[in-house]
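Take a look at the structure below.
Laboratory data are not the source of any read-out in this text; all were calculated from the coordinates shown. Not measured: the values here are computed from a predicted model. Heads up, the Cβs are rebuilt from the backbone with ideal geometry, glycines too, and the neighbour counts pull from every protein chain shown.
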Amino acid sequence: MTTDPWLTTLQSKVARLVEDGSVAAVIGFEAGSLALRVRPVMVRRPEAAGKLVQNGFCQNNLAAYLHHRPKGERIGLICRGCESRAVRALVVEQQVSRDELYLIGVPCRGIIDARKIEAEVGQEVLTARESDRKIVVCTRSGEHRFVRRKMLHGACIRCRFPNPVGVDIMMGAPVPETDGPGIFENVRAFEALTAEARHAFFTRETERCIRCYACREACPMCYCSLCFVDGTAPRWIESTVGPAGTQAWHIVRAFHQTGRCVSCGACERACPMGIPMTYLTDQLNRQMEEAYDFVVGQEEGRQPPLAAFSLDDAERFER
Amino acid sequence: MGFRPTIVVFQCQFNLYDDPDRQPAERFGAARVKVIRVPCSGRISPLFLLNAVQDGADGIMVCGCAPRKCHFKEGNFRARRQLEAFRNFLIYLGLEPERIRFVWLDPMESGGLIGALGELSAALRSVGPARRLAPRATAN
C-alpha cells in the first residue's frame, strides 16, 4: 500500500497528543484482517499510534463514534471533509462541545467502493493497494487493476467538500476542490423517471431491507437514544420487514436527515443488502439548498432550516 | 361517479373553534372525510401524514392558520417548512401531488375549509384511489 508522506507525521502527532494528555483518546482507522476494509480504532496509548492508517478504504464516518465516546474527556478525531462537517452539525445540535474535541484534518481523495470492486472481480479479494490514480487488487486468479476515480463510492464522486473544515491541525496538502458538476446527479436521474417508475424503484429496493438498522448505526447524525422505530407506545411504524414497515423506515429515516445529512454515504456502505439510500437524503438536502440556501456544515453555528423558521416564510409559501 | 375518496383532514383547533366549518366537513357528500383535530398545525408530524397515506387515505388535507395568525406565534411556520419538504419528498417517491394539500386559513373566516375540500375531492376523483405507498391498505 502506498503510504502518504504525511501519515508518519499524523502518527507521531497522535502519539504526542495521547502522551502529553491533551486528549484521552484519538479516533482513527487501523488495518483490519480483510482486504478493502479497515476498521475504526480508539488510540489511547502513544505506542498504538503507529497502527493508524488513512486511505481510500476507510469506509466509516468517524464522527458517528463520538456518540460512544467516554464522556467528560477530550477526544481527538481524525477527520476528512464529511467528518468535519458532521462535527459542525453535531456542535450546532449540542451533541458535542467543540472544546471537547481536537480535530486532526486529513485530505480525502474519496472512499473506494468495496462492493464495486468485489462485483468486478467476482471472487474473494486477497490484498488491495491504491495509489493516486490506480487500485491494484489481488485475487487467487491474479491481479486486477482499476482506475481509482471510477471505483469511488457514489457519494464521493459527487462530493464537493473533500477537505476538512474548522480543524485544529491539518495534515498534508488540501486536495483540489471541484464545484461538483455531478452534485445531485443521482437526484436528477431519479426525477427524470415517471412517478410510477420512481415508486416501483423505491418499493423494489426497500423490499430487500432486513431492518438491521446498520444505516442508522453508521450515521453520524443518528444519535437519538430512542429511535422512533424502537418505540412501542405509540408504535409509529410496523417493526416487521413487510413493505409497510420497510417503506416507512426508509422514508422517515431519510426525512429525519433533512438539512442534517452530510452526504458521506456511510449508510449505503454499511447496508448489508446494498440498498441505495443517498438518492433519498440528497433530494431532501437539495430542497434545503434551493429553498433556504443551506448546506450542512458550511456555516458554523447555523441551525438546520427545519429547526428554525423565519417570518419571511410567509412570502415563500402561497397565501 | 362511483369513487368516493377518503380524505383525512388534520386541522388546527383554532381553525375551527366556531363549528360551522367542522360539521359540514364531516357530512361532506362527495367524500368520506375524517377530521383530526390537533392543538396547532405545528403538532402535525410527518409521521401523521405517512400513516394516513399508508393506511389508505386517498387524500390528505392539512389546515393551519395563515401566517401571523398562529395562536402559538410560530407553530404554523414550523409546520410549513417541515410538511412542505415532506410532501415534496413523497412526490419524489412517486406519490401523486394531488393527494396532499395544504390550506392556510384565517381563523376568523369560515367556509374556507368546505371550498378547499371540494377542490381536493374533485382532484382526487380524477386521479382515482390511492395505491402507491399504501401497503397496509392494500394488504387488508
Inset, instruction - Could you work out how far the C-alpha centroid of region A:85-156 sits from that of region A:1-55, in angstrom? - result: 16 Å
Inset, instruction - Compute the acute angle (0 to 90°) between the alpha-carbon long axis of helix B:112-127 and the principal axis of greatest extent of the alpha-carbon atoms of chain B; round to the nearest 10°. - result: 10 degrees
Inset, instruction - Sticking with the crude label model, points 7 Å out along Cα→Cβ, report the distance from A:ARG145 to A:ALA214 in nm, one decimal please. - result: 3.2 nm
Inset, instruction - Can you put A:HIS153, A:HIS199, A:HIS144 in order of Cβ neighbours within 10 angstrom, beginning with the fewest? - result: A:HIS144, A:HIS199, A:HIS153
Inset, instruction - Assign unit charges at the C-beta atoms only (+1 for Lys and Arg, -1 for Asp and Glu), then state the dipole size of chain A relative to its Cα centre in Debye, rounded to the nearest 20. - result: 920 debye
Inset, instruction - Report the antiparallel proportion of the DSSP beta bridges in the protein assembly as shown as a percent, rounded to a multiple of 5. - result: 40 percent
Legend entry - Inter-chain shielding of A:202-209 (mean C-beta neighbours from other protein chains, 10 Å cut-off): 2
Inset, instruction - Select from A:ILE183, A:TRP249, A:MET151 the residue farthest towards the positive end of the dipole of chain A; place +1 on Cβ of Lys and Arg, -1 on Cβ of Asp and Glu, and compute about the Cα centre. - result: A:MET151
Legend entry - Average Cα contact separation per residue, chain B, under 8 Å, 6 or more apart, as relative contact order %: 33 percent
Inset, instruction - Mind giving me the nanometre distance, one decimal, between the label points for A:ARG44 and A:CYS224, set 7 Å out from Cα along Cα→Cβ? - result: 3.2 nm
Legend entry - Residue-span extension gain [A:GLU207 to A:VAL175] - 0.36 nm each, minus C-alpha spacing: 7.6 nm
Inset, instruction - Under 14 Å from the Cβ of A:CYS82, count the other residues' Cβ atoms, weight Lys and Arg +1, Asp and Glu -1, and hand me the total. - result: +4
Inset, instruction - Could you calculate the FRET efficiency of A:ALA31 with A:ALA119 from 1/(1 + (r/R0)^6), where r is the beta carbon distance between them and R0 is 22 Å, rounded to 0.05? - result: 0.40
Legend entry - Highest-MSF residue in chain A out of A:LEU36, A:LEU280, A:LEU126 [GNM, Cα springs under 10 Å]: A:LEU126
Legend entry - Relative contact order (%) - criterion: Cα under 8 Å, at least six apart; region: region A:176-319: 24 percent
Inset, instruction - Given the options B:GLY112, B:GLY56, B:GLY42, state which has the largest fluctuation in a GNM of chain B using a 10 Å cut-off (strictly under) for Cα springs. - result: B:GLY112
Inset, instruction - Please report A:PHE29, A:PHE201 as a ranked list, fewest other C-beta atoms within 10 angstrom at the top and most at the bottom. - result: A:PHE201, A:PHE29
Inset, instruction - With a Förster radius of 51 Å, plug the Cβ-Cβ distance of A:ALA195 and A:TRP6 into 1/(1 + (r/R0)^6) and report the FRET value to the nearest 0.05. - result: 0.55
Legend entry - Point-charge dipole on Cβ atoms (K/R +1, D/E -1) for region B:59-124, about Cα centre, debye to 20: 320 debye
Inset, instruction - Would you work out which of B:SER45, B:ASN88, B:HIS71 lies farthest towards the positive end of the dipole of region B:26-105, given +1 charges on the beta-carbon of Lys and Arg and -1 on that of Asp and Glu, about the Cα centre? - result: B:HIS71
Legend entry - Nearest-0.05 FRET efficiency for A:HIS68 and A:ASP20, computed from C-beta distance (R0 30 Å): 0.80
Inset, instruction - Can you put A:SER263, A:SER97 in order of Cβ neighbours within 10 angstrom, beginning with the fewest? - result: A:SER97, A:SER263
Inset, instruction - Run the numbers on region A:72-179 and let me know its relative contact order in percent, using alpha-carbon pairs under 8 Å that are six or more apart. - result: 34 percent
Inset, instruction - Using the charge dipole of chain A (Lys, Arg: +1 at Cβ; Asp, Glu: -1 at Cβ; taken about the Cα centre), state which of A:GLN303, A:VAL165, A:MET277 has its Cα farthest towards the positive end. - result: A:MET277
Legend entry - Distance in nm between pseudo-label sites at B:SER126 and B:ARG37 (7 Å out along the Cβ direction from Cα): 3.4 nm
Inset, instruction - Whole Å is fine, so just give me how far the alpha carbon centre of region B:84-140 lies from that of region B:49-74. - result: 10 Å
